[in-house]
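Here the structure comes first, spelled out in structure tokens, and everything after it is commentary.
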Amino acid sequence: AQTSGTTGKPKYIPVTPTCRKAGGLTIWLHYARRDHPALLKRRILTIVSPAVEGYTEAKIPYGSTSGMVVKEMPRIVQSAYAAPYDAFEIENYDAKYYALLRLGLADEVTFLGTANPSSILMLAQMADRYADSLIRDIHDGGLSDSFEVSPAIRAALAPRLKASPGRARLLESLRTRRGRLVPADYWPNMA
């Protein structure tokens with residue numbers, strides 16, 4: 001794993017097979033679900049960096065621990081994700097957040113997880129800033145060409161980018177009522 005570098009130069013932290021099997025997130029999820037029963041009622045939207053962001057000189061992969069956890073979750077948990085893991089491999093941050101919003105706004109999200117709270121603020125700001133494009137993409141299906149997303153990742157996301165005119169109309173009415181898109185409106189059942 002590589003630290004974010006918020007206190008200086010990013011550092012490498014060993015992630016051993018024992019550490020990977022420790023199940024810390026599983027234990028956390030158990031208690032979170034116990035305390036918030038609606039947590040997994042609908043979709044999960046996570047914001048993580050890629051599990052593999054590069055390689056050391058010794059060819060050892062390094063990257064985000066949270067990305068590794070999300071990527072290695074059991075298939076049953078992954079089926080509840082609003083966005084497939086491929087979305088986290090989008091290199092441009094604006095494009096990544098736009099894709100996450102496009103996928104997350106198309107459904108009811110009851111659990112939003114990220115290691116960095118500022119990511120939630122950025123997501124909410126982008127939802128309002130790109131509301132026209134997001135609503136259009138949800139109405140018509142697809143992902144705006146205004147954002148740099150590789151053809152391989154677009155292909156991986158395509159099955160989840162179905163048209164949803166009803167959801168688009170709801171989002172437009174929510175925006176019209178308040179004058180902007182607000183998470184409390186488009187994800188009212190957030191646990």
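A few remarks follow.
- Separation between Cα centres of segment 69-98 and segment 114-186, rounded to whole Å: 15 Å
- In straight-distance terms, cross-link reach from residue 96 covers every one of the lysines whose alpha-carbon lies under 27 Å from its own, apart from those fewer than eight places away in the same chain; here that gives 9, 11, 41, 59, 71, 162.
- For the chain, the longest principal axis of the C-alpha atoms and the axis of helix 93-105 are separated by about 60°.
- The loop-placed trypsin sites (Lys or Arg not before Pro) in segment 116-191, going by DSSP, that have at most 12 neighbouring Cβ atoms within 10 Å of their Cβ come out as 162.
- Degrees between helix 24-35 axis and first principal axis of the chain (Cα, 0 to 90, nearest 10): 40 degrees
- Residue-count net charge about residue 111 - beta-carbon cut-off 10 Å; Lys, Arg +1, Asp, Glu -1: +4
- Within-14-Å neighbourhood charge of residue 164 [Cβ basis; K, R +1; D, E -1]: +2
- For the chain, the longest principal axis of the Cα atoms and the long axis of helix 165-178 meet at an angle of about 80 degrees.
- For the residues 44, 135, 120, a GNM of the chain with alpha-carbon springs under 10 Å puts the largest fluctuation on 120.
- Length-normalised contact order for the chain - Cα pairs under 8 Å, 6+ apart - percent: 21 percent
- Of the trypsin sites (Lys or Arg not before Pro) found in segment 1-78, the ones in coil according to DSSP and having at most 15 other Cβ atoms within 10 Å of their Cβ are 11, 41, 59.
- 1.4 Å probe accessible area per residue over the chain, in Å²: 59 Å²
The values are calculated or read from the model by the stated rules, or taken from the named source; none is laboratory data. From a predicted model like this one, the values you see are computed outputs, not experimental measurements. A quick note on method: Cβ atoms are made from the backbone with ideal geometry, for glycine too, and the neighbour counts reach across all protein chains shown. These area figures cover heavy atoms from the full protein model, side chains too; ligands, DNA and RNA do not enter into them. Shrake-Rupley method; radii C 1.70, N 1.55, O 1.52, S 1.80 Å.
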